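We did not get these values from a lab; they are worked out from the coordinates using the rules stated. This one's a predicted model, so the numbers in the text were calculated from it and none came from an experiment. Heads up, the Cβs are rebuilt from the backbone with ideal geometry, glycines too, and the neighbour counts pull from every protein chain shown.
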Amino acid sequence: MKFSQLWTAPNQLTLLRMLFLPFIVISLVDEHYATGLILFVLAGMSDGLDGLLARRLHQQTLLGQYLDPIADKLLMSTLFLVLSILHKIPWKYTVLVFGRDVAILVTSAVLYTIAGLRDFRPSIFGKANTCAQIAAVFFVMLFEIYQVRIVWVARTVFLWATFIFTAISWVHYAFLVQTRLKGSHATESRPGSNKQVA
């Protein structure tokens with residue numbers, strides 16, 4: 001992996017998104033929810049923009065494929081954790097979100113080390129889960145600013161959507177891992193393959 005990949009515009013935006021995180025956390029701890037919400041929206045905009053730039057500028061890199069989901073998981077897991085500590089999100093949602101993300105990161109690292117698997121593209125359920133998490137955090141913070149019924153309803157709906165999609169995507173990810181491992185072993189065991197099967 002070339003170090004120069006770090007300096008591409010999409011990867012710089014991804015790093016910028018990670019830099020937003022401590023300032024969002026500080027805003028939440030200080031109960032400046034409007035500031036935290038603005039910074040969160042800016043972080044979300046940078047997430048969409050880095051993907052767009054990568055395609056438009058033809059700067060899709062291996063580093064970006066790993067860095068982008070790590071930045072997303074770091075942002076969302078941390079915000080769920082902080083908001084639970086502040087008693088804004090019930091712990092059951094955070095435990096499930098945090099547990100899934102840690103499990104996926106550890107599993108991905110182990111599979112890359114042992115089996116050399118690099119295909120960790122998000123599934124449709126994973127993408128739906130990310131969208132639900134983003135919406136949930138957005139409405140949780142918005143409810144602290146505007147405590148009206150429609151915001152509370154949206155907050156509740158997206159928290160439950162997060163719970164459901166986190167569970168489904170976790171199970172689906174386990175299924176995908178088994179499928180990709182079987183495919184990897186099948187490739188290694190073909191005649192003429194110079195790889196050793198563990």
Completion exercise
Here region 136-149 yields Karplus 3J(HN,Hα) values (6.51, -1.76, 1.60; θ = phi - 60°; whole Hz; Gly and Pro given as x) of 4, 4, 4, 6, 5, 5, 5, 5, 6, 9, 10, 8, 10, 4
Practice task
Within 10 Å of each residue's Cβ, count the other Cβ atoms and sort E31, E144 from fewest upward.
Solution key: E31, E144
